[in-house]
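A short write-up of the structure that comes next.
The values are calculated or read from the model by the stated rules, or taken from the named source; none is laboratory data. Remember, it's a predicted structure, so these values are computed and weren't measured experimentally. Cβ placement follows ideal geometry from the backbone for every residue including glycine, while neighbour counts extend to all protein chains displayed. All accessible areas refer to the heavy atoms of the entire protein, side chains included, with ligands and DNA or RNA removed. Shrake-Rupley method; radii C 1.70, N 1.55, O 1.52, S 1.80 Å.
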Amino acid sequence: MMLSETEIKRAAVLIKESPYTVAFTGAGISVESGIPPFRGGDGLWNKFDPSFLEIDYFYQQPLKSWELIRKIFYQYLGKARPNKAHDVLARMEARKLIHALITQNIDNLHQQAGNQDVIEFHGTTGRLICTACHQTINDTAQITKLIENLPPACPECGGLLKPDFVFFSEMIPESARERSFTAAQKATVFMIIGTSGDVFPAAMLPPRSKQTGATIIEINTAPTSYTDATTDIFLEGKASVVMEAIEKALE
Ligand code: APR
């Protein structure tokens with residue numbers, strides 16, 4: 001299906017007139033930065049068994065879990081850079097065309113692209129936290145140094161360090177959850193960018209926003225479980241191509 005000029009224009013007019021617009025992103029927005037999605041053909045979960053990210057496994061086998069975490073999320077993905085879709089969202093935040101950005105991604109690319117207020121629904125690889133004294137480490141160079149020896153030890157107390165992202169069977173950080181649902185319920189336009197909608201509770205955000213009156217704009221390379229049930233405007237295509245087209249139509 002070709003990207004429809006009319007639908008792009010319609011989306012742009014809605015965004016321009018919207019008093020409160022939320023952007024909600026998933027792994028699809030980072031695919032063009034070289035980061036594979038989790039599901040679908042070349043998805044990470046087709047290559048690796050996600051059980052190494054179960055929180056109980058992490059505490060029982062910290063070394064084995066950290067070896068995969070470092071390989072996948074630091075040595076490999078840590079070199080990724082924001083792509084045009086991330087850059088457009090950073091400019092839209094600066095122009096107050098989006099009022100909240102909620103991401104499921106832990107790749108830190110929205111932060112690198114310049115978004116000042118990123119609601120990290122699943123946390124981020126950009127921060128380590130000590131499981132004993134709860135001190136956090138944000139400095140990339142210090143993180144790179146600390147994970148040279150696995151499992152990494154807290155420089156303060158020697159406790160086990162953990163990437164500050166949400167492991168399977170872990171709770172979503174209360175503040176991120178609270179802020180996300182409040183923003184979704186306040187939204188007049190809610191943009192879904194590059195997510196399969198497979199993981200809860202994040203996947204509840206678009207239907208919740210729809211229930212409270214938002215118009216749903218979905219950007220994805222393929223239809224999802226949202227497309228028929230929740231989406232009002234479906235823009236099929238790569239996130240960078242569609243986001244650039246929307247930005248152009250906003251001029
Ligand atoms: N542009 C836009 N969308 C894309 C692109 C692209 N270039 N490439 C792929 N997609 C779409 C896919 O069609 C799919 O719908 O992005 C979506 C990626 O889906 P998932 O891999 O399931 O990623 P996501 O929805 O973010 O997963 C949610 O699952 O494993 C957990 O915590 C992890 O945050 C993650 C959560």
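Structural remarks
- Residues in region 39-50 that are touching a residue at least 60 places away in the same chain (Cβ under 8 Å) and closer than 17 Å to H122 by Cα: R39, P50.
- Filter result (closer than 16 Å to N105 by Cβ and among the hydroxyl-bearing types (S, T, Y)) within region 167-196: S180, T195, S196
- Region 198-217: number of residues that are in a helix (DSSP H, G or I) and small (G, A, S): 3
- Any hit, region 33-49, residues being within 19 Å of I193 (Cα to Cα), in contact with a Ser or Thr (Cβ under 7 Å, 6 or more places away or on another chain) and of a type in the set (K, R): yes
- Residues located in region 218-251, provided they are assigned to a helix (DSSP H, G or I) and of a type in the set (D, E): D228, E244, E247
- Test: F234 is open to solvent by less than 70 Å² (accessible area, probe 1.4 Å) and either under 30 Å from E148 (Cα atoms) or not assigned by TED's automatic domain parsing to the domain that holds M92 (or both): no
- Helices (runs of 4 or more DSSP H) contained entirely in region 89-197, each with at least 2 residues that are open to solvent by less than 40 Å² (accessible area, probe 1.4 Å) and over 18 Å from G28 (Cβ atoms): 140-146, 174-186
- Residues that are within 15 Å of the ligand (Cβ to nearest atom) and aliphatic (A, V, I, L, M) within region 165-215 comprise V166, M171, I172, A176, M191, I192, I193, V199, A202, A203, M204, L205, listed in sequence order.
- Residues satisfying the stated conditions in region 214-226, i.e. open to solvent by 20 Å² or more (accessible area, probe 1.4 Å) and either at pLDDT below 95 or within 19 Å of the chain's Cα centre (by Cα) (or both): N220, T221, A222, P223, T224, S225
For (1) in the same structural domain as A184 (by TED's automatic domain parsing); (2) over 16 Å from Q111 (Cβ atoms); (3) within 12 Å of the ligand (Cβ to nearest atom), each residue gets a yes or a no:
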residue: R10; (1), (2), (3): yes, yes, no
residue: I15; (1), (2), (3): yes, yes, no
residue: S18; (1), (2), (3): yes, yes, no
residue: V22; (1), (2), (3): yes, yes, no
residue: T25; (1), (2), (3): yes, no, yes
residue: D42; (1), (2), (3): no, yes, yes
residue: P50; (1), (2), (3): no, yes, yes
residue: K71; (1), (2), (3): no, yes, no
